[in-house]
1. Residues to consider are Gln396, Gln370, Gln413; find the one that is in contact (Cβ under 8 Å) with a residue 24 or more places away in the chain, surrounded by fewer than 18 Cβ atoms within 10 Å (Cβ to Cβ) and of a type outside the set (Ser, Thr, Tyr).
2. Output the number of the condition that Leu320 fails; it satisfies all remaining conditions of (1) surrounded by 16 or more Cβ atoms within 10 Å (Cβ to Cβ); (2) in a loop (DSSP other than H, G, I, E, B); (3) in contact with an Asp or Glu (Cβ under 8 Å, 6 or more places away or on another chain).
3. For the range 321-333, give me each residue that is in contact with a Gly (Cβ under 9 Å, 6 or more places away or on another chain) and more than 15 Å from Leu211 (Cα to Cα).
4. What are the residue pairs meeting all of these: first residue in the range 270-296, first residue farther than 19 Å from Arg316 by Cβ and among the β-branched types (Val, Ile, Thr), second residue assigned to a strand (DSSP E or B) and modelled with pLDDT of 70 or more, Cβ atoms under 6 Å, and 6 or more apart or on different chains?
5. Tell me which residues, restricted to the range 285-296, are crowded, with 19+ Cβ neighbours inside 10 Å and either outside any strand (DSSP E or B) or modelled with pLDDT under 85 (or both).
6. In the set Arg58, Arg51, which member is open to solvent by 30 Å² or more (accessible area, probe 1.4 Å) and modelled with pLDDT of 90 or more?
7. Pairs under 6 Å by beta carbon, first residue closer than 15 Å to Glu366 by Cβ and in contact (Cβ under 8 Å) with a residue 12 or more places away in the chain in the range 324-351, partner open to solvent by less than 20 Å² (accessible area, probe 1.4 Å) and assigned to a helix (DSSP H, G or I), six or more apart or different chains?
Amino acid sequence: MSGFDTQKPATRAAVILPWEKSGPQEEIRAADARLEEAVGLTASIGLVVVRQAAILLRARRPATLLGSGQVEQLAEAVKLDNVDVVVIDARLSPGQQRNLEKALGCKVVDRTGLILDIFGARAATREGVLQVELAHLEYQRSRLVRLWTHLERQRGGFGFLGGPGETQMEADRRMLAERIGKIKKELEQVRRTRGLHRESRKRVPFPVVALVGYTNAGKSTLFNALTGASVHAQDQLFATLDPTMRGLRLPSGRNVILSDTVGFISELPTELIAAFRATLEEVAQADVILHVRDISHPDSAAQRADVLNVLDGMVRDGMLDAHWPDRTIEVLNKADLVGGVEAVPKRENAVAISAITGEGVPDLFEILDQYLTRSMKSVDVRLPITDGAALAWLYQHGEVVGRTDREDGMDVQVRLFSADLERFELLHPNRII
């Protein structure tokens, strides 16, 4: 072996937050929290952040977004720190991105492009991969412009962090449109298949409990703590992308299906709303939604608003019913970082826990059981003494709360979910009193 280091050098990045002081005070996110989030996003795909700064944006410049003096100062810093990529935590037009790359002498990536790259690295399921590619193509379609006159430097392809011309593909809108159409057809087939799987699951129905929340709120850590699973969980934004489901038996004996989902984020690019579809559909089908929050984060209230806005958007799009708040429990996670569960102010329909230490988890189980019980229907069933199979079915799929044995049969008071009740009436007609 030679003494030369063949390992590819780390890509050095600068993260810049153009900061505007505008809008109602309660809607303004703290600049340092927003910058920290952008740094976390950048680091999550292996870039080494060597410079970070929030730049006060007095007025949006059509050509470069930033002011001319700010661009000059940034160019000097990029040269001084040998920066390879500048991440602008804002939405850039194709022209602004092109002009900044020329002025700074390095690759420039906006917030949308950065998140698209993260999603591309994280997607695992067939649908996730297709959705991310579709988002890439739709975003890229607006950027099919030549940076220089050389064909090999024509912008195109699916990557954003590679240099111009790295893909060396013809940036042809017709080809993109054809590929987009093909992907959409494939997605519909994948969704139909998943719909069949969901219908199959309903035939052996258990309540579905979906975990939602801002990215890095601790959903996967909680998922692992509750189910004993080994879902990827670490202090990294977008550590999981695709929904993961596991069975969970509550202390009451009730069985549920727990679904972990991708974390939400502020100002999610419009191209990526569709890439959330797999997760959002699981949320729409959930009997109970656990909204996991990082109660220790200084921006926790704004993160909560971001999640609620996405869910409200689902209602407007007809993907989620308007009564979803009635079956939602707020899980105030990371209580260990603020002094423990007792230090968290009490809130209605909320429970404070620490997924790491397990503190508060029994309270979560209790309130979850209460919500599930609330969604069940109580019915009286009369069975002949010889129908042991129907009685066993009720014990297996419902909660028997009372039973009276008579000489010729049994009267059973039982709580059932609507789907189970319909199935019982189909299997055993004329048994409901």
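The values are calculated or read from the model by the stated rules, or taken from the named source; none is laboratory data. Here the structure is a predicted model, which is why all the values come from computation and not from measurement. All Cβ positions, glycine included, derive from the backbone under ideal geometry; neighbour counts span all protein chains shown. For the accessible areas, the whole protein counts, side chains as well, though only heavy atoms, and no ligand, DNA or RNA atoms are used. Shrake-Rupley method; radii C 1.70, N 1.55, O 1.52, S 1.80 Å.
1. Working: Gln396 fails: in contact (Cβ under 8 Å) with a residue 24 or more places away in the chain; Gln370 fails: in contact (Cβ under 8 Å) with a residue 24 or more places away in the chain.
Going through Gln396, Gln370, Gln413 in turn, the sole match is Gln413.
2. (3)
3. Listed by number, the list is empty, since nothing qualifies.
4. Pairs found: Val288/Val209; Val292/Leu211; Val292/Gly213; Val292/Val331; Val292/Asn333; Ile295/Leu332.
5. The answer is Ala286, Asp287, Ile295.
6. One residue alone meets the criteria, Arg51.
7. Val341/Ala335; Val351/Leu364
A quick yes/no check of all residues on (1) within 28 Å of the chain's Cα centre (by Cα); (2) assigned to a strand (DSSP E or B):
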{"site": "Pro325", "(1), (2)": "yes, no"}
{"site": "Arg347", "(1), (2)": "yes, no"}
{"site": "Pro362", "(1), (2)": "yes, no"}
{"site": "Asp380", "(1), (2)": "no, yes"}
{"site": "Ala390", "(1), (2)": "no, no"}
{"site": "Arg403", "(1), (2)": "no, yes"}
{"site": "Gln413", "(1), (2)": "no, yes"}
